[in-house]
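Remarks on the structure that follows.
The values are calculated or read from the model by the stated rules, or taken from the named source; none is laboratory data. On a predicted model such as this, the values are computed, not experimentally measured, just so you know. Cβ: placed from backbone, ideal geometry, glycine included. Neighbour counts: every protein chain shown.
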Amino acid sequence: MVRSRTCGAGLVRRDGNHVKKIEAIIKPFKLDEVKEALHEVGVSGITVTEAKGFGRQKGHTELYRGAEYVVDFLPKVKLEVVVPDALAERTVEAIANAAQTGRIGDGKIFVIPVESAVRIRTGERDNDAI
């Protein structure tokens, strides 16, 4: 059993395997650019989910058949990648640079420590599983 303790910098593991999950919410039309940027920094796997949401922009109003209505939930894409700690900062930078338009609603990136990862097919764990 691997024991861990938490410190100010996040999860510290005895076996030295540090793994991070990076979640990013981006505009859908930026997906291909972000995917290419991740490939260039060495990210080998990605999960993409279609999502809807809003942040500071609080949606927008549209006109449809003469009636005005509010669109509160805007289409977004949620990306999830799990990478070794050493690759985390480059991954965040790649996503941020590729997804940025400079306009409101570009999205957010979250970095989360992962306690453990298991490849179901082989039973490999942590860095070996990703």
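How about the range 84-101: which of its residues are closer than 20 Å to D128 by Cβ and β-branched (V, I, T)?
Selection gives T91 alone.
Could you list, in sequence order, the residues of the range 7-43 that are exposed (fewer than 11 other Cβ atoms within 10 Å of the Cβ) and at pLDDT below 85?
Hits for the range 7-43 are C7, G8, A9, R14, G16.
So which residues in the range 78-130 are under 15 Å from the mean Cα position of the chain (by Cα), in a loop (DSSP other than H, G, I, E, B) and without any contact (Cβ under 8 Å) to a residue 12 or more places away in the chain?
Selection gives Q100 alone.
Is the range 57-79 home to any residue that is surrounded by 15 or more Cβ atoms within 10 Å (Cβ to Cβ), in contact with a helix residue (DSSP H, G or I) (Cβ under 6 Å, 6 or more places away or on another chain) and at pLDDT 90 or above?
Yes, the range 57-79 contains a residue that is surrounded by 15 or more Cβ atoms within 10 Å (Cβ to Cβ), in contact with a helix residue (DSSP H, G or I) (Cβ under 6 Å, 6 or more places away or on another chain) and at pLDDT 90 or above.
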